[in-house]
Amino acid sequence: MDAILVQILNGLDKGSAYALIALGLTLIFGTLGVVNFAHGALFMIGAFCAVTLQRILNLSYETVDPDKTDFLGQPLKVKTPYVESWFGPDVGAAIIDWSVPLAILFAIPVMLIFGFVMERGLIKHFYKRPHADQILVTFGLAIVLQEIIKANFGANPIQTPAPEMLSGVATLMDGVVYPVWRIVYFCFAALIIGGVFAFLQFTTFGMVVRAGMADRETVGLLGIDIDRRFTIMFGLAAAVAGLAGVMYGPINAPNYHMGMDFLVLSFVVVVVGGMGSLPGAVLAGFVLGILESFASTTWATTTIPGINQIIIYLVAIIILLTRPRGLMGRAGVMED
C-alpha cells in the first residue's frame, strides 16, 4: 500500500504539469482555434524566469575583509549580494532562498506580455489558415525560442533549488515520506486550475469568453469585441504555462529542451481529454500522469520493457479508437 500511495503521488506530481500545460493549450484552441506547438516553449520560458530572478538576486559586489586572509596571506575578498546590503543579512538571505516562489511575481507580467506580443505579432495572421500551417509556424517559433535560451543560458541544466523550509520530506500516513516541494507543486497546480475555472465560470468576462468559445459569430454580432477578450485569454494561457514552469524548476532543473519534452505529451493529454474541453484536459492530465507513474515501476518495466515510454500513447490510441472525441469532448469533434 505504501508503494501504491507513492506512485499515486508521483503521478499527481507529473500530472499537475501535464494538466497545467494542457489547460493552456485547450484555452488557446478553444478560443482561437489555433494549434499552438510553441506552448511547451512558454513552459520553458517560465522556468527560466526563475533562473533569471535567481541570478538577479545573487548579483553581488566585492569587499575586502581585513580580518580574513587567503592562503597567500592576502586580505580575503568577500562577495556580498546587493539584497543583503539593502535589506540586511537575514532578510536578504531569506529573499535569495525564496527566489523560486518570488519568481511567480516576476513571471506573471513577463508571460502576459510575451503572450500578448506572440498573439498579436504572429498567431493572429494564422487564424484562418489550415492547422498544418499553424503547427509549422508555432513549432518553428518553439525551436527559435529554444535556441535563444540555449545561447544565453547554455546547454546544461541550471539548478533552481526550493526554499530550505520546503526542501525536505514530509511524513504522510503509515510513515510514508514524500518530498515537500512536490506536494507544494500539486497544491499550487490545483490552486491555478481552480482559479482559471472560477474565473471562467463566475466572472462576466469569463462568461463572455465561454459564450465566444461556443458561438463566436453570435457574440460578435452582439457588439462585443470578442477578439480582444480572446487575446487576453492567450496571455492568460501563456501565464499558466509560465507559472507551471517556474514551480517545476526545483523538481526538474531548467534546461533549454524541457519545453519540447512536455509538448508532445501535453498534446496527447489534450486529445485524450477532448479537443476544446477544459475539464477533459485536466482530468486526462492527472489520469495519464498516474498511469505513467505506475508504468515506471520496476515490476512494470521488467514485465514489459519500455512500457513507461509508451503507456501514454497506448492509452491515447485506445481512447481515440473507441471514443474519437476524447473523454469529455463535445459530440461531433474529431468524429467525422
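The values are calculated or read from the model by the stated rules, or taken from the named source; none is laboratory data. Keep in mind it's a predicted model, so treat the numbers as computed, not measured. Cβ sites come from the backbone with ideal geometry, for glycine too, and all protein chains shown count toward neighbours. Side chains included, ligands, DNA and RNA excluded: accessible areas come from the protein's heavy atoms. Shrake-Rupley method; radii C 1.70, N 1.55, O 1.52, S 1.80 Å.
Observations, loosely collected:
- Degrees, to the nearest 10: 258-273 long Cα axis against longest axis of the chain: 30 degrees
- Å² per residue, accessible surface of the stretch 265-336 at 1.4 Å: 50 Å²
- With a simple spin-label model that places each label point 7 Å from the Cα along the Cα-to-Cβ direction, the separation between residue 76 and residue 221 comes to 7.8 nm.
- When the solvent-accessible area of the stretch 178-336 is split by element, carbon and sulfur atoms take up 68 percent of it, the probe being 1.4 Å.
- Cα-based shape type of the stretch 216-326, given that a ≥ b ≥ c are square roots of the gyration tensor eigenvalues and the cut on a/c is 1.5: oblate
- Inter-part distance where the stretch 226-267 and the stretch 26-47 are each reduced to a Cα centre, Å: 7 Å
- Between helix 278-295 and the chain: long-axis angle, C-alpha atoms, 0 to 90°, nearest 10: 60 degrees
- The label point for residue 187 and the one for residue 303, both projected 7 Å from the Cα toward the Cβ, are 3.5 nm apart.
- Computing FRET efficiency as 1/(1 + (r/R0)^6) for residue 203 and residue 124, where r is the C-beta to C-beta distance and R0 is 22 Å, gives about 0.35.
- What a 1.4 Å probe finds exposed on the stretch 1-155 is 67% carbon and sulfur by accessible area, rounded to a whole percent.
- Neighbour net charge for residue 293 - beta-carbon separation under 10 angstrom, K R +1, D E -1: -1
- In the assembled protein chains, residue 4 presents an accessible area of approximately 80 Å² (probe radius 1.4 Å).
- The 1.4 Å probe gives accessible areas that order 114, 87, largest first, as 87, 114.
- Taking the square roots of 5 times each eigenvalue of the Cα gyration tensor of the chain, largest first, gives ellipsoid semi-axes of 38, 27, 18 Å.
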